[in-house]
There are 2 protein chains.
Amino acid sequence: MRSVSIIGYGITQFAEHWEKSFRELIAEAGTMAVQNAGLTGKDIQAIYGGCMASGRFIGQEHIGALIADQLGLNPIPATRVEAACASGGVALRNAFLAVASEAYDIVAVGGIEKMTEISVSEAAIALGGAGDQETELFHGASFPALYALMARRHMHEFGTTEEQMAMCAVKNHKNAVGNPTAQFRKEITVEDVMQSGYVASPLKLLDCSPITDGAAALILCSTEKAKKMGFSNAIEIIGSAQASDSLALTGRKSLTEMTATKVAARDAYAQTGLKPSDIDFAEVHDCFTIAEILAIEDLGFFKKGEGGKATEQGKTALNAEKTINPSGGLKAKGHAVGATGIAQVVEACMQLQGKAEGRQVKGAKIGLTHNVGGSGATCAVHIFRRVQQ
Amino acid sequence: MRSVSIIGYGITQFAEHWEKSFRELIAEAGTMAVQNAGLTGKDIQAIYGGCMASGRFIGQEHIGALIADQLGLNPIPATRVEAACASGGVALRNAFLAVASEAYDIVAVGGIEKMTEISVSEAAIALGGAGDQETELFHGASFPALYALMARRHMHEFGTTEEQMAMCAVKNHKNAVGNPTAQFRKEITVEDVMQSGYVASPLKLLDCSPITDGAAALILCSTEKAKKMGFSNAIEIIGSAQASDSLALTGRKSLTEMTATKVAARDAYAQTGLKPSDIDFAEVHDCFTIAEILAIEDLGFFKKGEGGKATEQGKTALNAEKTINPSGGLKAKGHAVGATGIAQVVEACMQLQGKAEGRQVKGAKIGLTHNVGGSGATCAVHIFRRVQQ
């Protein structure tokens, strides 16, 4: 396989976009990415798009073709990838393979979700399709309920507290203040989280990521071609891995670790020869605060059971021991589900190019993204570094 | 890119499976494919699954993870691909690239749809998501209506008749009699078609492919490894191409040809150095009879405008000038949308291995599959030959 790099990226504001359609959002992010790369549409040879549930959110399938059409890029191949909330990360994995295979030199990969066209209760049901419809959602186990089970078990086994979980949200809101495209750019306190209503005990409203509309896009290019074309800012994808686990929680070996994260991380680290301690920052999948704690343990940044304590000790804050979610994470940047995996990579690119301004990780050289589908049935992990000139 | 071959395949009965779930169907096809290859689950390194609209048909997304889970294959990577009715063909394209890239040696790729869990009118709306929801479906233009427009224009420009379209259905039903997994194994007459009720004039009930439940699966392997493992029956994928076009009919250059088919066919032929006349048989996407006529013209088998006449002259019958849809096609074999693109390839493998019994194309050496999404916004074309020993 040949090396693949990112030569352009774009992202829309993450928000409730009552005034913009699905089509407008993906066109905005896609055009921004092509322009950021200094290319035009005719340079793009194929498209990948991650999107979870457009059929239920906007009554539209066939999203690959829609994206190519909307960007005026017909007749190039256009493929939609779906892996629940990991749709973006898995789309990146497949776009990466398409370039690595030498089938294409330059490929665009986007992620999108327009979630506000239906009611919140309808959206909760659509999102429930990421878990096991037959054994979970049908019986009322929506996503907050599934993560609440994991949180309760983590509290039981390791003494993790609701306050420690709250501190993930507090830290991510603080980071988002520095991120102009984040949905919630305001600080909150542990007290705010603790006083917000329970959604599924022990998870409260401010432990949960929001309903979000948004899109993000990347332009991939073979590293060799990127060098020939004179890109001095390219970000190399040095690790790319994906793994699966049982769809339902009941099939898991443990409620306090995600095997898919551990396997994907193991494979991505092996590809790079790097250790968790070599990672300067990570964008992890904090759809709920407990998910961030699980992630930072399963990615090897902290020992199992110590993620809550590490958060409480400030070790995951911006420019502390291990910066986690400098963008604000799903909690504060927003979680437009199909877009999330790509938005994480946009953040990684900005950090590695030193363009993250108010949320810049100082001297960042190696970044990692971690994108989870459902309650952990899919995980994509990617590792990035700025191409050596 | 390295060469990729098919070393195993499986397919369920295509039917209205009131007694079998989505999970059972994909497990059946997947297990059959693994066994057909003489492998066990632990030999499989990644999974691709094509599925169009499971969110609306069965309330379930995250289909890649579901398939891996159902087949007991966790934690390998599992990816769902969606491209409307071309989901299967596009899943194959991506599984092919995953092996060609050298990321994996052995990959399973499946296609599935379980369409009978909701009413026919609900299914028509779900299927409408393959076209343009905003400019077509919302205004009542369901799929039969879109293809009716194409049929009417083809009749106007080239003198194609309703009887000629009917003859596609008659021929495909005849072929399906020899196919044990086909949904409709009974012959029909031109009169039967002409007397069936109009769905969208000029298309009548028997011009339309049915609602179908079914699944199909393939095992891909690098050709070199397949040879080392001693597979004497492997089928090489010598051409793999995909193209896109505008989502809505209104964006097309012409109503009587599909640009996506022409571009994908051009690329696939170029990869193989073959001409249309070198193809011994083709499985084409006859979601409606007019679609078969468009396909055999756009694939270069007959001149533009002469597809209807060629059908009337019997040139597309089994073992005539160019065998089209020996399986019975979507019309008679059935059209479980996400499964169709893979089912076509199962047929190609059986034909090239000389195992198609009552529908065998004599001396078949080269086969082609043609899988369309929506009204032509996506097309995947693959070309196959038996590996030389």
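All of the numbers you see were taken from the coordinates with simple rules; none came from a lab. Bear in mind that the values here come from a model prediction, so they are computed numbers and not experimental data. We place every Cβ from the backbone using ideal geometry, glycine too, and count neighbours over all the protein chains shown.
Between B:Ala148, B:Ala169, B:Ala332, the GNM of chain B built on Cα springs shorter than 10 angstrom shows B:Ala148 fluctuating the most.
Based on C-alpha pairs under 8 angstrom that are at least 6 apart in sequence, region A:288-342 has a relative contact order of 20 percent.
For the peptide B:93-103, the mean number of other protein chain Cβ atoms found within 10 angstrom of a residue's Cβ is 6. Loop-resident trypsin sites (Lys or Arg not before Pro) (DSSP state other than H, G, I, E or B) in region B:170-218 with no more than 11 further Cβ atoms inside 10 Å of their Cβ: B:Lys186.
Take each residue in B:377-387, count the other chain C-beta atoms within 10 Å of its C-beta, and the mean is 2. From helices alone, chain A scores -11000 deg cm²/dmol at 222 nm; the rule is -39500 (n - 2.57) for each run of n ≥ 4 DSSP H residues, then divide by the residue total. In this assembly of identical copies, the label point of A:Ile125 (Cα plus 7 Å along Cα-to-Cβ) is separated from its counterparts by 1.1 nm, sorted shortest first. Here, chain B has an Rg and a Dmax of 19.0, 56 Å when only alpha carbons are counted. Charging the Cβ of each Asp and Glu at -1 and of each Lys and Arg at +1, and nothing else, the dipole of the protein assembly as shown about its Cα centre rounds to 1920 debye. Per residue of peptide B:125-134, the mean number of Cβ atoms on other chains within 10 Å of the residue Cβ is 5.
Dividing the convex hull volume of the alpha-carbon atoms in region B:171-244 by its residue count gives 174 Å³ per residue. Other residues lying with their Cβ under 12 Å from the Cβ of B:Leu127 contribute a combined charge of -3, Lys and Arg counting +1, Asp and Glu -1. Measuring between alpha carbons in the structure, the pairs from B:Lys20/B:Lys365; B:Lys262/B:Lys309; B:Lys114/B:Lys186; B:Lys262/B:Lys315 lying more than 27 angstrom apart are B:Lys20/B:Lys365. The residues A:Phe138, B:Phe22, when put in order of fewest to most other Cβ atoms within 10 Å, stand as A:Phe138, B:Phe22.
Between copies, the label points of A:Glu16, set 7 Å from Cα on the Cα→Cβ line, lie 4.3 nm apart, reported in increasing order to one decimal in nanometres. A straight chain from A:Glu102 to A:Lys253 at 0.36 nm per residue would run longer than the Cα-Cα distance by 50.5 nm. For the rotational copy pair B/A, the chain B residue whose Cβ lies nearest the symmetry axis, together with its distance in Å, is B:Ser101, 2. The eigenvalues of the Cα gyration tensor, multiplied by 5 and square-rooted, give region B:257-337 an equivalent ellipsoid with semi-axes of 18, 15, 13 Å from largest to smallest. Among rounded, prolate and oblate, which fits the protein assembly as shown when a ≥ b ≥ c are the square roots of the eigenvalues of its C-alpha gyration tensor, a/c under 1.5 means rounded, and a/b larger than b/c means prolate? Prolate, since a/c reaches 1.5 and a/b exceeds b/c. For B:Lys304, the aspartates and glutamates whose Cα falls under 16 Å of its own Cα, not counting residues fewer than eight places away in the same chain, are B:Glu157, B:Glu257, B:Glu292, B:Glu312. Exposure proxy shown here: for A:Thr116, A:Thr212, B:Thr250, the number of other Cβ atoms within 10 Å sets the order, fewest to most, as B:Thr250, A:Thr116, A:Thr212. Is region A:131-263 rounded, prolate or oblate when judged by the Cα gyration tensor, a ≥ b ≥ c being the square roots of its eigenvalues, rounded requiring a/c under 1.5 and prolate requiring a/b larger than b/c? Oblate shape, in that a/c is at least 1.5 and b/c is the bigger or equal ratio.
Based on the convex hull around the alpha carbon atoms, region B:212-283 presents an average projected area of 7.7 nm². Each label was represented as a point 7 Å from its Cα along the Cα-to-Cβ direction; for A:Lys355 and A:Lys304 these points are 4.1 nm apart. Relative to one another, the C-alpha centroids of region A:180-208 and region A:104-161 are positioned 17 Å apart. Relative contact order for chain B: 26 percent, from Cα pairs under 8 Å spaced at least 6 residues apart, divided by residue count. Which shape class applies to region B:22-126: rounded if a/c is under 1.5, otherwise prolate when a/b exceeds b/c and oblate if not, where a ≥ b ≥ c are the square roots of the Cα gyration tensor eigenvalues? Prolate shape, in that a/c is at least 1.5 and a/b is the bigger ratio.
Excluding same-chain neighbours fewer than eight residues apart, the aspartates and glutamates reachable from B:Lys228 by a Cα-Cα span under 14 Å are B:Asp105.
Among A:Ser209, A:Ser87, the order by Cβ neighbours within 10 angstrom, fewest to most, reads A:Ser209, A:Ser87. Relative contact order of region A:54-127: 32 percent, from C-alpha pairs under 8 Å at least 6 residues apart in sequence.
Across the identical copies, the label point of A:Gly354 (7 Å from Cα in the Cβ direction) is separated from its matches by 6.9 nm, in order from shortest.
Given their separation in residues at 0.36 nm each and the Cα-Cα distance between them, B:Ala124 and B:Lys362 gain 81.9 nm when the chain is fully extended.
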